[in-house]
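Following: one structure in structure tokens, then a few remarks.
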Amino acid sequence: MSFYLTIDQGNSSAKIALFSDFDIVDSRRVDILTEQDIDALVGNRKVVAAIYSSVSSNGDAIISALESRCDRVYRMSHDLLMAIEIDYARPELLGVDRIAACAGAAALFPFIDTLVVDAGTAVTYDYLSAAECFVGGNIAPGLKMRLDALHNHTSRLPEVEVVGPEPEWGTDTDTAMRLGAIQGVVAEIKHYADKISAAKKKIILTGGDAEIISRHLPIDHEVVPNLVDIGLNSILLSNEY
């Protein structure tokens, strides 16, 4: 059996996942990725190839660690073979995590206009057309960033955690700030969904805050926690075969 490894290094944490062809076998999220984390996930299984994606570092040490454990190692880039096209002014400046998320959307829900929402440190809103083309997208502050900005740029608003009570309307300062941040993202999702004029469209949520936002989003959508991993694996397999 052939195993493939994907690593998604984000701004705040790293996600590692192990696949058997297209099927995910195991995954975990770590704050600081080490070689020991890779070994703990892989165990004694033979990894044929791996792909490393990072938005925050060049990852040379991790690449070297992978090369000692795998037959082939790919560094995620816009110029790898993949099932989607990228219509972006400078594709080399497009976040590799955004490319992978759209590749994951194409793998799971092919040939349908899709809004891909990745709710992490920042929130990205990306449009993948039914022709499997990355049309473009926008970037906004994530939930924690919004709450931190309210605290840091005012004299009296407190520091508020993302996780906490979520009433429909805020009943104190804590819940008012939290719900303001959450409902702001919800409104943005609805706005961008409305901008996709196709009669049939898909809205996919992923990222660390996807479940929180999903609880308040009143339009049809799906939460796919491993979307970026799935996209990285699909790109890896495209380059393998």
task = Identify the single condition in (1) surrounded by fewer than 11 Cβ atoms within 10 Å (Cβ to Cβ); (2) more than 24 Å from the chain's Cα centre (by Cα); (3) of a type outside the set (S, T, N, Q) that G170 does not satisfy, given that it satisfies every other one.
result = (1)
task = Name, by its number, the condition in (1) free of Cβ contacts under 8 Å to residues at least 24 places away in the same chain; (2) part of a helix (DSSP H, G or I); (3) touching a strand residue (DSSP E or B) at 6+ places or on another chain (Cβ under 8 Å) that does not hold for I139.
result = (2)
message = Residues to consider are A199, A187; find the one that is more than 26 Å from N226 (Cβ to Cβ) and at pLDDT below 95.
response = A199
Which listed residue is in contact (Cβ under 8 Å) with a residue 60 or more places away in the chain and touching a Phe, Trp or Tyr at 6+ places or on another chain (Cβ under 8 Å), from E188, E132 = E188
ask   = Which members of segment 125-151 meet the condition of being touching an Asp or Glu at 6+ places or on another chain (Cβ under 9 Å) and of a type in the set (D, E, K, R)?
value = D126, E132, K144, D148
ask   = For segment 213-241, what are the residues that are free of Cβ contacts under 8 Å to residues at least 12 places away in the same chain and either closer than 27 Å to H78 by Cβ or crowded, with 19+ Cβ neighbours inside 10 Å (or both)?
value = Y241
inquiry  = Checking the structure you have, find out if any residue of segment 73-81 is surrounded by fewer than 12 Cβ atoms within 10 Å (Cβ to Cβ), closer than 25 Å to A119 by Cβ, of a type in the set (S, T, N, Q) and out of contact with any Pro (no Cβ under 8 Å at 6 or more places or on another chain).
reply    = no
query = How many residues does segment 143-161 contain that are basic (K, R) and buried (at least 20 other Cβ atoms within 10 Å of the Cβ)?
reply = 1
ask   = Could you give every pair whose Cβ atoms fall below 8 Å, whose first residue belongs to segment 16-37 and is over 15 Å from F3 (Cβ atoms), and whose second residue is hydroxyl-bearing (S, T, Y), counting only separations of at least 6 or pairs across chains?
value = R29/S13; V30/S13; D31/S12; D31/S13
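Considering segment 85-100 alone, what residues qualify as being outside any loop (DSSP other than H, G, I, E, B) and farther than 14 Å from N226 by Cβ?
At the first step, the residues of segment 85-100 found to be outside any loop (DSSP other than H, G, I, E, B) are 85-86, 91-93, 96-100.
Of everything in segment 85-100, those that are outside any loop (DSSP other than H, G, I, E, B) and farther than 14 Å from N226 by Cβ turn out to be E85, I86, P91, E92, L93, V96, R98, I99.
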message = Looking only at segment 101-123, how many residues end up being surrounded by 21 or more Cβ atoms within 10 Å (Cβ to Cβ) and either part of a loop (DSSP other than H, G, I, E, B) or of a type outside the set (A, V, I, L, M, F, W, C) (or both)?
response = 4
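Here is a list: A140, A130, A176. Which entry is surrounded by fewer than 19 Cβ atoms within 10 Å (Cβ to Cβ), in contact with a Gly (Cβ under 7 Å, 6 or more places away or on another chain), at pLDDT 95 or above and not charged (D, E, K, R)? Explain how you work it out, then say what you get.
Details: A140 fails: in contact with a Gly (Cβ under 7 Å, 6 or more places away or on another chain); A130 fails: in contact with a Gly (Cβ under 7 Å, 6 or more places away or on another chain).
Answer to the check: A176.
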query = Quick check: anything in segment 182-200 crowded, with 20+ Cβ neighbours inside 10 Å and under 17 Å from the mean Cα position of the chain (by Cα)?
reply = yes
request  = Tell me which residues, restricted to segment 42-64, are within 19 Å of E92 (Cα to Cα), assigned to a loop (DSSP other than H, G, I, E, B) and without any contact (Cβ under 8 Å) to a residue 12 or more places away in the chain.
outcome  = N58
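The values are calculated or read from the model by the stated rules, or taken from the named source; none is laboratory data. It should be emphasised that the depicted structure is a prediction, and the values quoted were computed from it without experimental measurement. Here Cβ is always computed from backbone atoms with ideal geometry, including for glycine, and neighbour counts include all displayed protein chains.
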